[in-house]
Amino acid sequence: MTAPDALLALSNVNTFYGQAQVHFDLSITVARGHIVCLLGGNASGKSTTMKIILGLVKPRSGEVTFDGASLIGLTTPQIVRRGIASVPEARRLFADMSVRENILMGAFVRNDREAIAQDLDRMLTLFPKLGQRLSQRAGSLSGGEQQMVAMARALMSRPRMIVMDEPTMGLSPLYVDRVLELIRTINQEGVSVFMVEQNASLALEIAHEAYVLQTGKIVLSGSAKALKDDPRVRDAYLGGSEAA
Amino acid sequence: MSSWLDYTINGLIVGNVYALVAVGLALIFGVSRLINFAQGSIYLVGAYIGWVAVVQLHTPLPLTIIVVAVAAALVGLIIERFGLRPLQNSVRIAPLLATIGISFVLDQLVMLTFSPNPRALPSQLPDVRFQVGGGTIGPLDLLIAGVGLTSALLLFVFLRYSKLGWAVRAASQDRDAAMQMGVDVNRVNQAVFGIAAALGGVSGLLVGMYYNQIDTAMSLQATLKGVVAEVVGGAGNVPGAVIGSLLLGLVESYGVAVFGTSYRNLFAFLLLVVVLVLRPNGLFASARQAPPEPLTGTFIAPSRPVRIPRWALLAATAVFAVLPFFPVSFYVLQTLINAWLLGMLALSLTLVAGTIGQVSLGHAALLAIGAYTSALLSLTLNVPVGLAIIGGGLMSAALGTALISPSFRLRGHYVSIATLAIGEIVSLVILNWESVTRGPIGISGIPPLSLFGYELISPNSIYGFSFVVMVVLALLQGRLLSSHLGRSFRAIRDDDIAARAYGLSLNRYKSLAFIFGGFAAGVSGGIAAHLYSYINHETFNTQQSILALTVVILGGLGNVVGAIVGAVALVGLPEVFRIAAEYRILIYGIVLLLLVRFRPQGLLGTI
Ligand SMILES: Nc1ncnc2c1ncn2[C@@H]1O[C@H](COP(=O)(O)OP(=O)(O)OP(=O)(O)O)[C@@H](O)[C@H]1O
Ligand SMILES: [Mg+2]
């Protein structure tokens, strides 16, 4: 059962790679308009959760619903057309295509040429740095710039929700702040966000709710505020040196 | 032809034709990371459809080209939809094997429909030549150049300005990311297969017109040339494929100018091996490019091998051992002798492809090396046949391993291409090294099998000899696999990175596998030479390499008993059902396709 204001809900998802089980009865809810963060150490199954939502990996059992309708059995392109966009782990830009082409690829599911052109302009106001780089090969950008392109690309489909896998990974502190700021901006424009992070303290700054994943099981969940003060989270993730 | 300009023009024109094949291969490789071995078959189909159009329907040239392009595209779409799409979630090697099966089926269908005899394909163009500088150029040269340029332009416009073209480019750079943008990868696959097939078909038509001759042997040649050009240009790189093709055309044309026609293909394959070894990502790949193969194994369908009780194996061995003492016909013995010889080859291949994961498509070369060595030892040095055969095995082990060793650092599909090329090189060296191999004439009057001075001429004794040799090789291989060495082999196959991390020296283990496998195959070739009494450079060909691969997949990759069961089944069943010889290759192709689709682990399971 999912709450009426749930945009995305995973319930009792069990996932396997061959014999190895990666998720154990995973249940996660993303409320409409919220930023929800999934925290966890390496190999805890975070990226796999993203892949389940996007239909890149099929769960063995359990249900995934978006806006009340099941996503199980849909292909990735079909799921994207329902209104979910993604910023994949390590950006995954189309390295040999130009920045402009990368951003426009985000609008692949749309056919309204004029509105797409307007949205491209909007992206350039949101990410002003990309303006001079439009005809450059995406593969030649710095990591931070690539992250901007990946976010612009995701926004171009006018999604109702964006899923992001470790959007701050490998970025300098300056860019990390910038990215978090942008996520908040995007969210304020009405897009729900589900993000996977290892950096709990940063993620909890902007999230409404958070879940903590440990070897495929949700061990903690609640409002970001409560989790920030939870000693268990603090010990495991915010404790400075020995993170995860 | 006389002047260098003529050779240059010829090289560029032939290169243009290769480019039409190679660009299709590059598009497909880009999107699916698949080397489409059926590309040459589509080229063949294109040539024959063109023949029907020109000779029987008398279509005008522009219409001929359109008919061929559309019909070939349809064939491509059918291959994609029914041959490859069902394999999407299958093991990595499955689509490659499927395209090999499809190419067998298509080639055989063409052969059965049109007979293997060459046909003339008139060019429909006036036969004049214009003087250009020191050379000449004809209307057909201009047509080929024109078709090449037009196709390149159309392709450029498609990839750069159409939505589907964007999808193709995105999918070839990052398939998963493209799907996350909403790209339907099935439609992309359809598009590239359709385009590749149309270009390939037109290429076949143009080649047929250029040489005014078409025959069914064109298919494999075209696939090989296309693959060479594509890999030289950098797998998956479309402009690279064009440049690689022109380069290949020029290298071949100049090579022919200097050394003669029979060297044409040798240059192509040497170029391939050199590029694979020195720059496996092709001449124009940027260093940053990710390796185009997944890093870990999963070449083998995981399965639980069928356990055969020891007594059943002993009983079966005993039955086959005493068979000649019963009144069985010569025909049955003959069939089983063929099965035992193929069984030895399959033992070799199942070790190399199954146990250590190097899917070789050139295994017939090992037969050829063993056969020539044994034949020449016994003929020219009067070495006793028994020893000569062992010499053949040793030579195959040594030379085969030495030839293949430069490609040990390659992975996956590249291993298959390299072994295919090495197989062709061996056959071409045999053809051209006349002072030793007697070149195209072949070796005749090879002495019959004999052991300690006794000639083995009766079918019973030949049967007994080959059976015993095969059983001994099988027992040795069984011992090998259950030893520590066997476990290391499988570790390398399943995850070469992890195996290396554990300190296994990959090259040493791959060498050991090829030495053992080379010996078994060389012995098989040696025995065959003395049985046939005549061999030439075509006795052991790619068809046999593929047959051996089908046998080991049928038996279960890596499975020793399976290799022998597979050999008996594939040699025996067509006899039991009295299938006419010309349908056999077709049947083998279909068996391969069905296996890959429905039972990739084979009859007895992979080990
Ligand atoms: N395609 C795959 N095949 C087999 N196992 C996989 C596959 N992808 C991931 N795994 C395994 O599943 C487990 C969870 O992986 P996942 O990528 O979801 O972890 P993660 O939490 O995102 O880790 P990280 O923080 O390193 O990104 C890991 O043990 C991983 O090795
Ligand atoms: Mg991850």
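The values are calculated or read from the model by the stated rules, or taken from the named source; none is laboratory data. Just so it is clear, the structure is predicted and the values come from calculations on it, not from any experiment. We place every Cβ from the backbone using ideal geometry, glycine too, and count neighbours over all the protein chains shown. Note: accessible area is taken over every heavy atom of the protein model, side chains too, but ligands, DNA and RNA are not part of it. Shrake-Rupley method; radii C 1.70, N 1.55, O 1.52, S 1.80 Å.
Odds and ends about this structure:
- Crossing angle, helix A:113-126 versus chain A [Cα axis fit, 0-90 degrees, rounded to tens]: 70 degrees
- Loop-resident sites, the stretch B:497-566, for chymotrypsin sites (Phe, Trp or Tyr not before Pro), counting at most 11 other Cβ within 10 Å (DSSP): B:Tyr502
- Complex-versus-alone comparison for the stretch B:168-196, residues with a loss of 50 Å² or more in accessible area, probe 1.4 Å: B:Gln173, B:Asp174, B:Met179, B:Gln180, B:Met181, B:Gly182
- Cβ-Cβ FRET estimate between B:Ala315 and B:Arg487, R0 fixed at 25 Å, reported to 0.05: 0.30
- Positive-end extreme of charge dipole, chain B - chosen from B:Tyr48, B:Ser524, B:Gly558 (charges on Cβ): B:Gly558
- Taken one residue at a time, the phi angles of the stretch A:136-150 give Karplus couplings (6.51, -1.76, 1.60, θ = phi - 60°) of 7, 4, 4, x, 8, 7, 6, x, x, 5, 4, 4, 4, 4, 4 Hz. Gly and Pro are set to x.
- Solvent-accessible area per residue, Å², over the protein assembly as shown with all protein chains present [probe radius 1.4 Å]: 41 Å²
- In a reduced charge model with +1 at each Lys and Arg Cβ and -1 at each Asp and Glu Cβ, chain B shows a dipole moment near 1540 debye about its Cα centre.
- Each label point was placed 7 Å from the Cα along the Cα-to-Cβ direction; for B:Val258 and B:Ile441 their separation is 2.8 nm.
- From most to least packed by mean Cβ count within 10 Å, the peptides B:413-426, B:378-391, B:54-67 give B:413-426, B:378-391, B:54-67.
- Of the accessible area of the stretch B:194-233, computed with a 1.4 Å probe over protein heavy atoms only, carbon and sulfur atoms account for 61 percent.
- For B:Ala364, net neighbour charge (Lys/Arg +1, Asp/Glu -1) across residues whose Cβ lies under 15 Å away: -2
- Spin-label model, A:Ala20/B:Phe326: points 7 Å from Cα along the beta carbon direction are separated by 5.1 nm.
- Loop-resident sites, the stretch B:101-179, for chymotrypsin sites (Phe, Trp or Tyr not before Pro), counting at most 15 other Cβ within 10 Å (DSSP): none
- Using the Cβ-Cβ distance between B:Gln213 and A:Arg137 with R0 set to 60 Å, the FRET efficiency works out to roughly 0.85.
- Taking the protein heavy atoms of the stretch A:93-158 in the context of the full set of protein chains, the accessible area attributed to carbon and sulfur is 47 percent at 1.4 Å.
- Relative to the longest principal axis of the Cα atoms of chain B, the long axis of helix B:185-211 lies at roughly 90 degrees.
- Size of the stretch A:1-140 as Cα extents on the principal axes (Å, biggest first): 47, 32, 25
- Too-long pairs where the Cα-Cα distance tops 22 Å, listed order kept, from A:Lys51/A:Lys217; A:Lys46/A:Lys217; A:Lys51/A:Lys228: A:Lys51/A:Lys228
- With Cα atoms as the point set, the stretch A:93-158 shows a radius of gyration and Dmax of 10.6, 31 Å.
- Relative contact order computed over the stretch B:2-278 (Cα-Cα under 8 Å; 6+ residues apart), in percent: 40 percent
- Considering only B:Phe465, B:Phe540, B:Leu485, and ranking their Cα positions along the charge dipole of the stretch B:331-541 that arises from unit charges at the beta-carbon of Lys, Arg, Asp and Glu, the one farthest toward the positive end is B:Leu485.
- Under the combined filter of DSSP loop state and at most 14 neighbouring Cβ atoms within 10 Å, the stretch B:422-491 retains these chymotrypsin sites (Phe, Trp or Tyr not before Pro): B:Trp433, B:Phe452.
- Difference of contour (0.36 nm per residue) and Cα-Cα distance, B:Glu538 to B:Asn460: 25.3 nm
- Per the accessible-area calculation with a 1.4 Å probe, the total area buried between chain A and chain B rounds to 2000 Å².
- Helix A:173-188 axis, angle to chain A major axis (alpha carbon atoms, nearest 10°): 90 degrees
- Spatial separation of Cα centroids for the stretch B:536-552 and the stretch B:164-221, in angstrom: 28 Å
- √(5λ) per eigenvalue of the Cα gyration tensor, chain B, largest first, Å: 41, 28, 23
- Across chain B, the longest piece that holds none of the trypsin sites (Lys or Arg not before Pro) lying in DSSP loops with up to 15 other C-beta atoms within 10 Å covers B:308-577.
- Percentage of interatomic Cα-Cα distances in the protein assembly as shown larger than 38 Å: 50 percent
- Residues of the stretch B:559-573 with an amide N closer than 11 Å to a point placed 7 Å from the Cα of B:Arg599 along the Cα-to-Cβ direction: B:566.
- Minimum 30 Å² accessible area buried by the other protein chains, the stretch A:78-114 residues, probe 1.4 Å, relative to alone: A:Val80, A:Ser86, A:Arg92, A:Phe94, A:Asp96, A:Met97, A:Glu101, A:Met105, A:Phe108
- Treating each Cα of the stretch B:177-296 as one equal point scatterer and applying the Debye formula with no solvent, the log10 of I(q)/I(0) at q = 0.12, 0.14 Å⁻¹ comes out as -0.56, -0.74.
- For the stretch B:331-541, the dipole from Cβ point charges (+1 on Lys and Arg, -1 on Asp and Glu) about the Cα centre works out to 620 debye, to the nearest 20.
- For the stretch A:13-89 versus the stretch B:11-84, the gap between their alpha-carbon centres in whole angstrom: 42 Å
- Dividing the alpha-carbon radius of gyration of the stretch B:331-541 by the rule-of-thumb value 2.2 N^0.38 Å gives 1.02.
- R0 of 22 Å, Cβ-Cβ distance B:Leu387-B:Leu475: FRET efficiency to nearest 0.05: 0.55
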